[in-house]
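The values are calculated or read from the model by the stated rules, or taken from the named source; none is laboratory data. On a predicted model such as this, the values are computed, not experimentally measured, just so you know. Neighbour counts run over all protein chains shown; Cβ positions are idealised from the backbone, glycine included. Note: areas computed on protein heavy atoms with side chains; ligands, DNA, RNA excluded. Shrake-Rupley method; radii C 1.70, N 1.55, O 1.52, S 1.80 Å.
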Number of protein chains: 6
Amino acid sequence: MSEVAGRMAIQAGAQWLERSHGGSGILLGGVPGVDRAHVLVLGGGVVGTQAARMACGLGADVTIMDVNLDRLRYLDEVMPKNCRPLYSTPLAVRDLLPWADLVIGAVLIPGAAAPRLVRREDLKLMKQGSVIVDVAVDQGGCVETCRPTTHADPTFTIDGVIHYCVANMPGAVPRTSTFALNNATLPYSLELAHLGAAKAIKQNPALATAANVIAGKVTHPAVAETFKLKFTPPQEAAELIGAAPALA
Amino acid sequence: MSEVAGRMAIQAGAQWLERSHGGSGILLGGVPGVDRAHVLVLGGGVVGTQAARMACGLGADVTIMDVNLDRLRYLDEVMPKNCRPLYSTPLAVRDLLPWADLVIGAVLIPGAAAPRLVRREDLKLMKQGSVIVDVAVDQGGCVETCRPTTHADPTFTIDGVIHYCVANMPGAVPRTSTFALNNATLPYSLELAHLGAAKAIKQNPALATAANVIAGKVTHPAVAETFKLKFTPPQEAAELIGAAPALA
Amino acid sequence: MSEVAGRMAIQAGAQWLERSHGGSGILLGGVPGVDRAHVLVLGGGVVGTQAARMACGLGADVTIMDVNLDRLRYLDEVMPKNCRPLYSTPLAVRDLLPWADLVIGAVLIPGAAAPRLVRREDLKLMKQGSVIVDVAVDQGGCVETCRPTTHADPTFTIDGVIHYCVANMPGAVPRTSTFALNNATLPYSLELAHLGAAKAIKQNPALATAANVIAGKVTHPAVAETFKLKFTPPQEAAELIGAAPALA
Amino acid sequence: MSEVAGRMAIQAGAQWLERSHGGSGILLGGVPGVDRAHVLVLGGGVVGTQAARMACGLGADVTIMDVNLDRLRYLDEVMPKNCRPLYSTPLAVRDLLPWADLVIGAVLIPGAAAPRLVRREDLKLMKQGSVIVDVAVDQGGCVETCRPTTHADPTFTIDGVIHYCVANMPGAVPRTSTFALNNATLPYSLELAHLGAAKAIKQNPALATAANVIAGKVTHPAVAETFKLKFTPPQEAAELIGAAPALA
Amino acid sequence: MSEVAGRMAIQAGAQWLERSHGGSGILLGGVPGVDRAHVLVLGGGVVGTQAARMACGLGADVTIMDVNLDRLRYLDEVMPKNCRPLYSTPLAVRDLLPWADLVIGAVLIPGAAAPRLVRREDLKLMKQGSVIVDVAVDQGGCVETCRPTTHADPTFTIDGVIHYCVANMPGAVPRTSTFALNNATLPYSLELAHLGAAKAIKQNPALATAANVIAGKVTHPAVAETFKLKFTPPQEAAELIGAAPALA
Amino acid sequence: MSEVAGRMAIQAGAQWLERSHGGSGILLGGVPGVDRAHVLVLGGGVVGTQAARMACGLGADVTIMDVNLDRLRYLDEVMPKNCRPLYSTPLAVRDLLPWADLVIGAVLIPGAAAPRLVRREDLKLMKQGSVIVDVAVDQGGCVETCRPTTHADPTFTIDGVIHYCVANMPGAVPRTSTFALNNATLPYSLELAHLGAAKAIKQNPALATAANVIAGKVTHPAVAETFKLKFTPPQEAAELIGAAPALA
């Protein structure tokens, strides 16, 4: 799903840069003779790479920042030539904020809050009518001023900078997202169907840790803790399932 | 300006394909493993080429149609590989309508109404939630059901197909459009400034035919006819201008 | 060698699509204005990637299918833009068979029979004069109707679909294949030459497991079993070799 | 049609380079680690450009020669990087013959015999098992030893060099060729259908000069001369056609 | 020759940007993680295009400026993505001087002095250690402070900006330049050899206007005027040449 | 830093190929119509890949050699098409020396002397005025005749072949090199600053092995051995550091 979100981020950014939406009225790719928009992508993982690729495809001048040198080297080899991979430091980010027309927040650290790369006071460095799209917003956001919004009311503006922070961006393209999700989950569904829930859970640890409740027992530690219920290890609970593949 | 319009057309199309806007909910470039959207560009001139280039950049499967074989050859040489140049016939267009998720009308014949390549009854061939963007709408449109709309209320839907027909598309990105316009008009402005209106009009036929009124005389045949006024040839009228460069 | 086979597969397919060979008479890359042929590559490993790359190079519309999402992501980054990486399911394959002019079977699972992705009854979905090249044929083939053929009589036709199933495809380009084989085997040859057979076998387990007979002893379990002979572990047999590097 | 021929030429060349066809057994694109085949394309017009593009797409090392510096500059800008545009002189051609595995003769001068760029004695410079495909063979050929062959018996060998000189190469892919031909001739067919033969011939000089016989009169000077018949100018003969569009 | 000069200009610029030559010590293409150098190419003709192409190939961020919109459109289609085609105005040039690490002067107007795009006072806008290479220096230079230098002493520094203004840049790569010159002049040499000087001059006006003295008569108006000699039209003088092809 | 060195190597090579520096006077990329220079890169690691990429960017014909087939496959996928990845053997290297105008020595085996791929007697195979740049020179060089030189006197010539062997190539572009070095070392600096030397050394083995002296104790085995001093394990020595982060 992060691939969908990364690609959507540029589409959203392009749209909110339009004057009728309050943006600075700049076209991402410019036209021959007129300068291109500047796109700053924070984070060179899957989300950031997909966002950068789309921005390059539309003809923008793109800078992608990461702290992993090996990743920067790889990006240098496979990305289009209008994408510039730079090493990320707080200073380097701040240096580029006045340059950027569109900033994509794409730093996602699994199981941790996203680091705050753009702070409240940094917004003053940015141009009026520039746009921030924070794809990391459901992990707290890598832009301090971001808070989750919805497709119904997707943006708010602080210090003249438009913030687009829809928490469920892939929801806008359900056809593509559903297929993407199916592709990622199909192997698990097949395993459940072929083996039955009990056997599948016992054989595949990934499935075991994904279940919240098995045969009436709470099998996810976080759920047990939150609701003050007794925790049962998933493999143990799986023994209680009958022949019918009735995964709770 | 047609370059701005061509590039904007894809941006608009991508946005209206989103589910929240009523579209089929498909992402133009898909994601690895999930199919790309299909874009049909009618017309391989400047508008169509720019639209196709943007759609290719976003990763879509693009077909561009034209009746000029030399132009198709050139497109084959310089366009990205996900752009397929095909010869346009009414039958070939109709064959591709069921395939298309997004249709860009980009057939502009200077000084003539755009040909009707998609008729009212052809809409039934298209998918529910697919989108038509007609860049030729201010010349009557190359899609029969198109009529001009505005940025305030840009679309309407017929037979489940969303029509986006904003007559002044470049108006959404005034910053880029103004520079583009300046680049195209600057040589004329400089000529007027350096030579004065009288001399400039006499020396440059392009300027002469662009003026509607010179020194109080109507110098454009169409204007004269419409308002039932006397027509004066521009070079003749230019003689009446004094030393001060006062272009009416 | 699988790289040679993958690249050869497109060359063979292009040739058998010619009308004089019984094919549908379509040129892989079309020409500007005329549609390209559709190539479906089953399997995104080395064979499939090389086949897809050649088909893209000739200008065809290419779909490559695999079940590994990481591989599909990588292909999306490095393949030409006329190659579309899709997630493979039996349904998805069947959906694309009517679209395809050329199908390349390139699913090779090391040490296992290739899965049957195209069944006997699926041929009816395909166009008359379309071509299947099954590179996996010596592992049983990933197309049910395939059986090994030779360069002398390379094809047979079932339900109007031409099957090209030469088991030793690289044999057609021995100059290239020999160099490729040398490159892959040279390190082993050098080791044998420098160390003598006994020492080389003892030091390098890859060499040990590659030998069928050492110093008169059967050292490969499968060979021993097939011929009901006594099995001797290769390292043990290697002790029996004299100073002269006499690898059996 | 020359685009079809140019693209076919590489397909044919690749096939005859296979060992089982008598060629040197080299794969056009090599494989990683093994050298690519060398392709020499004589002539940088439509045929040569298409041939070079296909050879590049298959990964060969390609040299394309022409005497037109503007054309060489253009090729340098739009061709893939494994295509090297060189200025053609008799000496330069001879220098490259020992290097080439595949030579494509693609020099077509409208209304003139193709120049003889490779002479009988030059074949001795070439490698055993190398291949010449002469697309210009129906204009006499730009290789001295070429004479027209057919799809049934497409090649002959001189001095160890395989000559492929099928005069009607596009005939092998009639599906693609027919569409290509239709695209080129459709405008004329429509004119004939809409205007009737008489009017169409009078209005369009291209149509007039294309007709051999109109209303029973010989209207092509070369035909008249060959058969010692009276020549009637086509426009004059067209007056004799009745209302029915009966084009002889 | 202008192609050689354009390509050489970047090679020279890269070298003089090295610290040991007094430059700012920046590598044109940067490395992954470190910013690229900025190259500003003034003029989008043959020289400028070749220079921009080399700079792009080395991985720099390149801006190419021209006043011809059609040329900018073409460059947008065929140049690598790290080349940004912008419309040139005196203001736009001045805006980019502080950004540039390397400026290439490549505005050559046939038969006219190159326009002065960078003035003496503009140097103060540039960074210390930045480099200007003026390929137009033998037409007066498009940078005011440029004056011709030689390969022996190629640069001088004004206001901390290194000026490289070798008038005969292609002289550094005589092997490549000689072939380039031969390719351009060979058709004329052949004509002279085949027809003899008298006939060749009479048939080919390009040859006629290239000769300064024919059969002892001064046939070039500028030469005649400079040396106060009698001018004879070349065709007339050619009549005086005997059978031997003795071109003065 | 090896990325800087790899990219610099081509810049240096291009410069020394100029006639005024004693080279053969060939331009790396040639010009349309004139042949490109031939560049042979020995080693497909970071240095070699960056060198090959630059040479390709300048338009040269590039061969890159390595003994790792997986690496050759990867290079085949991501490198520009004018780069040919070949398997390296002593024979293959010797075969290509007469072809090469520029040879880049880029074989670096961590912690080992570079292998001697070009021997003294091989120089005779090379063209007069060709250039060798040995980036591995500070590890003994992969060209037998190489010995370290300086930016002040960077080259020497043996058998007509120019040797460029500056040991500290990145020193020529200190601005780029400093940033590159900072990016690579910043994480360690931050760790030292945040934790203090004692804690940092204890937690991070990479830091511990990088220190020669800690708290007055010799903590690097090679240093201790060379100077006949007592060796103290770094973690042990770190215990002696006080609260102040005083890394010796």
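So what's the Cα pair-distance distribution over the protein assembly as shown, bin width 20 Å, in %? Histogramming the protein assembly as shown at 20 Å steps yields 8, 30, 39, 18, 4, 1 percent.
Taking the stretch C:1-79, how much of its Cα-Cα pair set, in percent, is spaced more than 22 angstrom apart? Across the stretch C:1-79, Cα pairs with separations above 22 Å total 25 percent.
Largest to smallest in accessible area, the residues C:Thr157, C:Thr232 fall in the order C:Thr157, C:Thr232 (1.4 Å probe, all protein chains included).
The same position C:Lys228 in the other copies lies at 7.5, 7.5, 9.2, 11.7, 12.0 nm from this copy, comparing label points 7 Å beyond Cα toward the beta-carbon, shortest first. Among rounded, prolate and oblate, which fits the stretch F:109-226 when a ≥ b ≥ c are the square roots of the eigenvalues of its C-alpha gyration tensor, a/c under 1.5 means rounded, and a/b larger than b/c means prolate? Verdict is prolate for the stretch F:109-226.
With respect to the axis relating copies B and F by rotation, the chain B residue whose beta carbon is closest, plus that distance in Å, is B:Lys81, 7.
When a/c is below 1.5 the answer is rounded, else prolate if a/b is larger than b/c, else oblate, so apply that to the stretch A:139-204 with a ≥ b ≥ c taken from the square roots of the Cα gyration tensor eigenvalues. List each step's numbers first, then the result.
Numbers: a/c = 5.12, a/b = 2.73, b/c = 1.88.
Prolate shape, in that a/c is at least 1.5 and a/b is the bigger ratio.
Within the straight-line cut-off of under 19 Å between alpha carbons, the lysines reachable from C:Lys230 are C:Lys217, sequence neighbours fewer than 8 places apart in one chain being disregarded. Expressed in units of 2.2 N^0.38 Å, where N is the residue count, the Cα radius of gyration of chain F is 1.21. Find out how many positive minus negative residues lie around C:Ser177, taking Lys and Arg as positive, Asp and Glu as negative, among other residues whose Cβ is under 12 Å from that of C:Ser177. With Lys, Arg at +1 and Asp, Glu at -1, the net is +1.
Just the number, please: percent antiparallel of the DSSP beta bridges in chain E, rounded to the nearest 5.
Numbers: 7 of 31 bridges.
So the antiparallel bridges amount to about 25 percent of the total.
Sort the stretch C:1-141 into rounded, prolate or oblate with this rule: let a ≥ b ≥ c be the square roots of the eigenvalues of the Cα gyration tensor; rounded if a/c is under 1.5, and if a/c is not under 1.5, prolate when a/b is larger than b/c, oblate otherwise. Here the stretch C:1-141 falls in the rounded category.
Measuring only protein heavy atoms, the 1.4 Å probe finds B:Leu108 accessible over about 70 Å². A:Phe179 sits with roughly 100 Å² accessible to a 1.4 Å probe, with DNA, RNA and ligands left out of the calculation.
Helix F:46-57 and the longest principal axis of the Cα set of chain F meet at an angle near 40°.
Percent of accessible area on chain F owned by carbon and sulfur, 1.4 Å probe? Carbon with sulfur: 58 percent of the solvent-accessible area.
Amide H to amide H distances under 5 Å link F:Val213 with F:Thr219, where only residues 5 or more positions off or on other chains count and H is placed in the peptide plane. A 1.4 Å probe over all protein chains sorts D:Met1, E:Met79 by accessible area into D:Met1, E:Met79, starting with the largest. Accessible-area rank, largest first, for C:Thr155, E:Thr185: E:Thr185, C:Thr155, with all protein chains present and a 1.4 angstrom probe.
For the stretch B:38-64, a drop of 40 Å² or more in accessible area on going from the chain alone to the assembled protein chains (1.4 Å probe) is found at B:Arg53, B:Met54, B:Gly57, B:Leu58. Surface burial for A against E, with a 1.4 Å probe and both sides summed, reaches about 1400 Å² of accessible area. Rolling a 1.4 Å probe over the protein heavy atoms gives the protein assembly as shown an accessible area of 40 Å² per residue.
For the stretch A:110-248, DSSP calls about 50 percent of its internal beta bridges antiparallel.
Across the stretch A:69-82, rounded Karplus estimates of 3J(HN,Hα) from the backbone phi angles (6.51 cos²θ - 1.76 cosθ + 1.60, θ = phi - 60°) give 5, 5, 5, 4, 5, 4, 4, 4, 7, 9, 7, x, 6, 8 Hz, Gly and Pro being marked x.
The mean count of C-beta atoms from other chains within 10 Å of the C-beta of residues in D:87-98, rounded to a whole number, is 2.
Using the Kirkwood radius over C-alpha pairs as Rh, can you work out the diffusion coefficient of the stretch B:22-67 via Stokes-Einstein at 20 °C, viscosity 1.002 mPa s, in µm² per second? Let's see the in-between values first.
Working: Rh = 11.0 Å.
Value of D from the Cα-based Kirkwood radius: 194 µm²/s.
Run the numbers on the stretch C:11-65 and let me know its relative contact order in percent, using alpha-carbon pairs under 8 Å that are six or more apart.
30 percent
Close amide H contacts of F:Ile64 (hydrogens built in the peptide plane, cut-off under 5 Å, sequence separation of 5 or more or a different chain): F:Val41, F:Arg84, F:Leu86. Please report the spacing between the Cα centers of the stretch C:17-48 and the stretch B:54-102 in Å, no decimals. Cα centroid of the stretch C:17-48 versus Cα centroid of the stretch B:54-102: 19 Å apart. Mean separation of Cα pairs under 8 Å and 6 or more residues apart, divided by the residue count, gives the stretch C:75-204 a relative contact order of 18 percent.
The heavy atoms of D:Trp99 present about 60 square angstrom of accessible area, all protein chains included, probe 1.4 Å. Note on the protein assembly as shown: helix-only mean residue ellipticity at 222 nm, from DSSP H runs of 4+ residues weighted -39500 (n - 2.57) and normalised by residue number, equals -11000 deg cm²/dmol.
Per residue of D:3-13, count partner chain C-beta atoms within 10 Å of its C-beta, then hand back the mean as an integer.
Numbers: counts 10, 5, 1, 1, 8, 3, 0, 4, 10, 3, 0.
The shielding value for this peptide is 4.
Close amide-amide hydrogen proximity is noted between E:Val34 and A:Tyr87, each under 5 Å apart and 5 or more residues distant or on a separate chain (H modeled in the peptide plane; Pro and chain starts excluded).
Using protein chains only (no ligands, no nucleic acids) and a 1.4 Å probe, work out which residues of the stretch D:177-193 have their accessible area cut by at least 50 Å² relative to the chain alone. SASA drop of 50 Å² or more in the stretch D:177-193: D:Asn183.
So for chain D, averaging the separation of alpha carbon pairs under 8 Å that are six or more residues apart and normalising by length, what relative contact order in percent results? List each step's numbers first, then the result.
Numbers: 477 pairs, mean separation 36.4, N = 248.
Across chain D, relative contact order equals 15 percent.
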